[in-house]
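Below you'll find the structure, written out as C-alpha cells, and then a few comments.
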Amino acid sequence: MSPQDTTRKYYEDFPVGGKFISGPKAVTEEELNIFCILTLHARTIDNTKNIHMNAEFAKQYGYKDRLVPGVQTLSYINGLLGSANIMSGAIFLGVEKARFTAPVYPNDSITVESEVVEKRDVKKYPDRGIIRLKNTVKNQDGVVVCEAETLYMVLKKKK
C-alpha cells in the first residue's frame, strides 16, 4: 500500500501477511530537543553528559552525533502509519518486542515497513477487531534502526 492512499482502512482491509510502507520522515533537531525536554531526557541544568543533547559527549561513546532516544523513534511508528493513512482512526493499544538495532541521528530520514502478523475479533466489541503489526523502521541508508510489534483496535465495515 502506498503512502498516498487516502481511504480509511477497516479490519477487513488488513489481511494477515499484508504489507504497508510509510512515507519518509526527517527527524529534525527541533523535534529531538522538544522530545528530550518533554520526556526529561534533557536536564534543565547540565546537559554536558547527555548523549541525546550533547554531540561531543556522544562522540566519546563512538557515535557521530547526538542520539535520538529509542522511545522517540518508537513513537514515530504510530505517527508515520497514521499520517500515511494506514492506521488513521485506529486505536493504538500498545507495543511489544521493541528492539533498537542502530542509532538514529538528527536529520536522519526514517520509514516504517509493516506487516500484518495477526488479526482477532473483540468479543466485547463485535464491530471491531485487533490488528498486530510487525514494524521495521529503516533510515535513509536502508539500515534497520528499530523493530517492534504494535497492536491496534480497528473498526469493521458495517454489514
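The values are calculated or read from the model by the stated rules, or taken from the named source; none is laboratory data. Note that the structure is a prediction, hence the values are computed from the model and not measured. Glycine also receives a Cβ, built like all others from the backbone with ideal geometry; neighbour counts cover every protein chain displayed.
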**Asked** Going by the structure shown, is GLY23 in contact with a Pro (Cβ under 6 Å, 6 or more places away or on another chain), closer than 30 Å to ILE130 by Cβ and either part of a loop (DSSP other than H, G, I, E, B) or free of Cβ contacts under 8 Å to residues at least 12 places away in the same chain (or both)?
**Response** yes
**Asked** Going by the structure shown, is GLY62 within 16 Å of PHE100 (Cβ to Cβ) and out of contact with any Ser or Thr (no Cβ under 7 Å at 6 or more places or on another chain)?
**Response** yes
**Request:** Taking only region 116-149 into account, find how many residues are over 30 Å from LYS64 (Cα atoms) and surrounded by 15 or more Cβ atoms within 10 Å (Cβ to Cβ).
**Result:** 8
**Complete:** In region 107-144, anything farther than 19 Å from ALA84 by Cα and touching a residue at least 40 places away in the same chain (Cβ under 8 Å) is listed as ASN107, VAL117, GLU118, LYS119, ARG128, GLY129, VAL143, VAL144
**Unmet criterion (only one of (1) within 14 Å of PRO24 (Cβ to Cβ); (2) in contact with a Phe, Trp or Tyr (Cβ under 6 Å, 6 or more places away or on another chain)) for GLU113** = (2)
**Request:** Considering only residues that are of a type in the set (D, E, K, R) and modelled with pLDDT of 95 or more, look in region 31-62 and name the one that is surrounded by the most Cβ atoms within 10 Å (Cβ to Cβ).
**Result:** GLU31
**Prompt:** Only one residue in GLY142, GLY94 is of a type in the set (Gly, Ala, Ser) and in contact with a Leu (Cβ under 7 Å, 6 or more places away or on another chain). Which one?
**Reply:** GLY94
**Message:** Residue under question is VAL112, and the condition is that it be touching a helix residue (DSSP H, G or I) at 6+ places or on another chain (Cβ under 9 Å) and over 19 Å from ASN33 (Cα atoms); does it hold?
**Reply:** yes
**Prompt:** Which of (1) more than 30 Å from LYS157 (Cβ to Cβ); (2) within 14 Å of the chain's Cα centre (by Cα) does LYS134 not meet, given it meets every other one?
**Reply:** (1)
**Message:** Residues that are among the basic types (Lys, Arg) and either surrounded by 15 or more Cβ atoms within 10 Å (Cβ to Cβ) or touching a Phe, Trp or Tyr at 6+ places or on another chain (Cβ under 9 Å) (or both): does region 16-24 have at least one?
**Reply:** no
**Cβ-Cβ under 9 Å pairs, at least 6 apart or on other chains, region 83-106 side within 22 Å of PHE35 (Cα to Cα), far side surrounded by fewer than 17 Cβ atoms within 10 Å (Cβ to Cβ) and aromatic (Phe, Trp, Tyr)** = PRO103/TYR63; TYR105/TYR63
